[in-house]
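Read the structure below first, then the notes.
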Amino acid sequence: MSYNVYLVEDEQNLNELLTMYLKNEKWSVTSCLTGSQARELIDKPPHLWILDIMLPDIDGYQLIREIKAATPNVPVIFISARDADIDRVLGLELGSDDYISKPFLPRELVIRAQKLLSRTYIEESNEASKVITLTPYEIDEQIRIVYLNKEEVNLTSKEFDLLQLFLHNQGQAFSREQILTNIWGEDYFGTDRVVDDLVRRLRKKMPELKLETIYGFGYRMLKG
C-alpha cells in the first residue's frame, strides 16, 4: 500500500535526508520546515505524521493538539532532541503513537513508521467488517473504530492496540513489560510508565471496560 506521510522537521539537512529515506519506501512524502506550513495541511490528513517537537514558530505539542482534534485516528511519531521521560509521557498523553530521540539512524525511523502503519491500517478486502460486542461497546476491528450507542469513541492507534490486546486475552494478566513488548515492540527503549499512562487514557475514554490493576505487576481485563 502506498502511504501519504507528512514530515515536519525544521533542520533542513535532516529534513531532506529523512524525506529521501521515506520516499525510498515508495511513500508520498510532504515535508515542512515550520509548524505554520504543517498547520495548513491539517485539514488534508495523511496516513502518518512525523513531527518534531522543537519547531521555530509553533510548539510541536500545540500542533499535535490541533492534529488530534481534527483527525484523532491518524498516527503521529514524535521526534525530538530531548530524551526526558516527561517528554515521552506528555507526547503519549497528547496522542502520539511513538517517540524517537535524536540522534537516530534514518533507517530506524523508517522501521518504526513501517510497523506503525502496518498496525494502523488494514488492507481493503471483500470481507465483511468483524464487529465484536463488548457491552456496552461495539468494536469494529477492520476499520479500528469503537462505538458507544452508535457514537464513535475516538481512540488513538496505541489505545486501540491496547484494547485489542485485552479484548483477545480476557482474563489473562499482563505485566507492564509484556504490554510494552506487545504494543511498542521489542525495540522500544523507555520507561514502563507509558503503560500506566496508556491504560489510564483507555479507562477514561471507555470507563465501562472491566480493567483490573494488579498492583506490582500489571493489568487484566475481566471476562464478561
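From Ile183, Ile143, Ile214, which residue is of a type in the set (Val, Ile, Thr), in contact (Cβ under 8 Å) with a residue 12 or more places away in the chain and open to solvent by 50 Å² or more (accessible area, probe 1.4 Å)?
Just one listed residue meets the conditions, Ile143.
Condition check: within 15 Å of Arg112 (Cβ to Cβ) and open to solvent by less than 60 Å² (accessible area, probe 1.4 Å). Does Leu14 satisfy that?
no
Just for the stretch 50-61: of the residues that are at pLDDT 90 or above and open to solvent by less than 10 Å² (accessible area, probe 1.4 Å), which one is nearest to Lys23 (Cα to Cα)?
Top of the filtered list is Ile50.
So which residues in the stretch 85-141 are of a type in the set (S, T, N, Q), assigned to a helix (DSSP H, G or I) and modelled with pLDDT under 90, if there are any at all?
Within the stretch 85-141, Ser118, Thr120 meet the criteria.
Restricted to the stretch 192-210, and to residues that are open to solvent by 90 Å² or more (accessible area, probe 1.4 Å) and touching a residue at least 40 places away in the same chain (Cβ under 8 Å), which residue is nearest to Phe174 (Cα to Cα)?
Arg193
Any residue at all in the stretch 159-168 that's in contact (Cβ under 8 Å) with a residue 12 or more places away in the chain, in contact with a strand residue (DSSP E or B) (Cβ under 6 Å, 6 or more places away or on another chain) and not in a strand (DSSP E or B)?
yes
Please report, ordered by residue number, the helices (runs of 4 or more DSSP H) entirely within the stretch 1-79 with at least 1 residues that are touching a residue at least 40 places away in the same chain (Cβ under 8 Å) and not charged (D, E, K, R).
By residue number, 12-23, 60-70.
Select from the stretch 62-80 the residues that are farther than 22 Å from Gln114 by Cα and either open to solvent by less than 20 Å² (accessible area, probe 1.4 Å) or modelled with pLDDT under 85 (or both) and list them in ascending order.
Leu63
Which one is nearest to the chain's Cα centre (by Cα) among residues in the stretch 149-158 that are within 14 Å of Lys204 (Cα to Cα) and in contact (Cβ under 8 Å) with a residue 60 or more places away in the chain?
Thr156
Would you confirm, using the coordinates I've provided, whether Val194 is of a type in the set (A, V, I, L, M) and under 28 Å from Phe104 (Cβ atoms)?
Answer is yes for this residue.
Checking the condition among the hydrophobic types (A, V, I, L, M, F, W, C), modelled with pLDDT of 90 or more and either open to solvent by 20 Å² or more (accessible area, probe 1.4 Å) or out of contact with any Asp or Glu (no Cβ under 6 Å at 6 or more places or on another chain) (or both), which residue from Phe189, Phe166 passes?
That would be Phe166, the only listed residue that is among the hydrophobic types (A, V, I, L, M, F, W, C), modelled with pLDDT of 90 or more and either open to solvent by 20 Å² or more (accessible area, probe 1.4 Å) or out of contact with any Asp or Glu (no Cβ under 6 Å at 6 or more places or on another chain) (or both).
The values are calculated or read from the model by the stated rules, or taken from the named source; none is laboratory data. Since the structure is predicted, the reported quantities are computational estimates derived from the model, not experimental observations. Note that each Cβ is placed from the backbone with ideal geometry, even for glycine, and that neighbours are counted across all protein chains shown. The accessibility values were calculated without ligands, DNA or RNA, using every heavy atom of the protein model including side chains. Shrake-Rupley method; radii C 1.70, N 1.55, O 1.52, S 1.80 Å.
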